[in-house]
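The next block holds one structure in the form of structure tokens; read it before the comments.
The values are calculated or read from the model by the stated rules, or taken from the named source; none is laboratory data. Just so we're clear, the structure is a prediction, and the values are computed from it rather than from any experiment. Positions of Cβ are generated from backbone atoms using ideal geometry, with glycine treated the same way; all protein chains shown enter the neighbour counts.
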Amino acid sequence: MLFPLLILTATGGARSNGASPAFFSFQPLDPANGVMPSVLETRPAGGCECRAFCVADPACLGYGYSLDTGLCLLTDVLPLPERLEPSAALWHWHARGGARRLGEPCALGSECWSVTPGGACLSGVCGCRPPFQLDGDRCAKTGGFLAVGNGRLSAEPTAEAPTADVDECKRLCADNTTCMACDFSPSDGRCLLYAQGIVSDAGSGGDELSFVWQFPRPDGVVPSSARLVQDQQVIRVGITTGLEAAHTCFANNAIVYPGVSQTHLNDLNAAWPEIFSTMEPSYVGLDDLLVEGTFVTSDGEDAPSVGWGAIEPNNANNEDCVTTSRDGVFLNDVECHLPFMVLCQYMGDNLALGKLSWMSMVSPGSAAANGNDGDPLSAASMTLTDGPPLTWTVDLGGPVQVTSVLFASGAAVGRDTEVRVGSDWRLFDELHSARCVLRAQPFVAFQYARLLRCDEPVTGRYVRIIRRGPELTLELADLAVFGNRLEAPEGGCPACP
């Protein structure tokens, strides 16, 4: 059964019945005498009855009762001693646990999210976690819609409404903080809203026009040292070799900067002139490590437009890596063992870091946790001579709209490597999961890293790497997952100051 389209609280967000147990607990205020200026309702009731009335109303953030007057007051503003106004009567006030509005003190992210979708506990105060932003008394989504074809969504919708056209359907979803995707059926003018996006390869099979909300960037706080270059955040780190450059950037939740066109170089010079005034080259995300003469960027793209120097690339001494020239005007191919600074493109929080992970088989001296411990020098390794596909799976801890994964290899990775995202840790077929990416050909060199972008953003709690034959070896040095959490992470916002 579908519920009415919008059930709104005072914050403009949809009410949720999925609150944590703390949401039903109350803490007494001390001192507690006085009355709250913002009152939802006044009832004749004692303490236990008053508490029951507040429990039954998700908008109620506290209650007060007076033995002098026999009245009960419910409030939609968190009761705090400093908010109480003087009263001749004696009042006993209690604040709801696990529920805080924007601007109120907090200890956990769930306290903010339970009242305001998109909220998080930032430095002890409820605010809007990126990529949500403050809009009056609510957290609004940033970004826009991505068309993903007909009948692409297959989860249970959270709401349904008759609409005149597709633009009205998209507006309803855009205005609803918890809506992450929508379907519009031209045949009957029906609009379905979803709390998640693509969760299955099967889809609905209908003629609906499907749209997924796409955030402008993955979750994460941009480093203060980053410079904006063509809408990408670029940092300059280390002195390292070309082969170690990918791992150096990996440690900073980044990839070696893949901007290799002449336009990118010009914009780098304009945004960061002091880098190139030092006359020191910097590694960029371009190499021909897999196939000699075929240069590929760090995000796995062919590079048809490269700002090469006049006689470059010349492969003078088996030169498989690429740096800027000393003045940053053009690119050179260089030997990968040479030490230079490296330009990295920040990607966001690594949502897989330190999370529970497991493998389809256990190999001596290898552990699944090596694949998401943030250390590319430790590896999760599996080898079979024959048998079912090899898999490595990580639990992200909650639903995430996954946009890309960064695959750091402990060995050259061959063909038929697939990344899938699902909501059931046991099932990764097309009905219960969605494909992020499939690489039929080798895509990353030994001890290197390559970003794999999802063909479309896909949603789930679990990310699985699947390695099929005939070369049944999977050696995963590390995997980073980038995307947007659809629920606030428990314990606050770990990347926030």
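Number of residues in the range 40-64 that are free of Cβ contacts under 8 Å to residues at least 40 places away in the same chain, surrounded by 14 or more Cβ atoms within 10 Å (Cβ to Cβ) and assigned to a loop (DSSP other than H, G, I, E, B): the value is 4. Name the residues in the range 338-370 that are within 28 Å of D231 (Cα to Cα) and either hydrophobic (A, V, I, L, M, F, W, C) or in contact with a helix residue (DSSP H, G or I) (Cβ under 7 Å, 6 or more places away or on another chain) (or both), would you? Result: F340, M341, V342, L343, C344, M347, L351, A352, L353. With respect to the conditions (1) over 40 Å from the mean Cα position of the chain (by Cα); (2) among the aliphatic types (A, V, I, L, M); (3) within 23 Å of T116 (Cα to Cα), L78 lacks only one, and its number is (1). Being assigned to a strand (DSSP E or B), in contact with a Ser or Thr (Cβ under 6 Å, 6 or more places away or on another chain), farther than 17 Å from V212 by Cα and at pLDDT 85 or above holds for only one residue in C121, C126, C139, and it is C139. Here are some conditions: (1) touching a residue at least 24 places away in the same chain (Cβ under 8 Å); (2) surrounded by fewer than 18 Cβ atoms within 10 Å (Cβ to Cβ); (3) touching a Phe, Trp or Tyr at 6+ places or on another chain (Cβ under 9 Å). D68 meets all but one. Which one does it not meet? Exception for D68: condition (1).
Of the strands (runs of 3 or more DSSP E) lying entirely inside the range 343-432, the ones with 3 or more residues being surrounded by 22 or more Cβ atoms within 10 Å (Cβ to Cβ) and not assigned by TED's automatic domain parsing to the domain that holds V322 are found at 390-409, 417-422. All conditions in (1) more than 20 Å from L451 (Cβ to Cβ); (2) buried (at least 20 other Cβ atoms within 10 Å of the Cβ) hold for A271, with the sole exception of (2). Taking every residue in the range 224-246 that is at pLDDT 90 or above and pairing it with any residue that is part of a helix (DSSP H, G or I) and among the small types (G, A, S), at least 6 positions away or on another chain, the pairs with Cβ-Cβ distances below 8 Å are R227/A271; L228/A271; V229/A271; V234/A271.
Among what's in the range 214-233 and is in contact with a Gly (Cβ under 9 Å, 6 or more places away or on another chain) and farther than 21 Å from L353 by Cβ, pick the residue that is surrounded by the most Cβ atoms within 10 Å (Cβ to Cβ). Here the residue is V229. The set of residues in the range 313-332 that are out of contact with any Cys (no Cβ under 7 Å at 6 or more places or on another chain), under 14 Å from D287 (Cβ atoms) and either without any contact (Cβ under 8 Å) to a residue 24 or more places away in the chain or assigned to a loop (DSSP other than H, G, I, E, B) (or both) comprises P313, N315, N318, E319.
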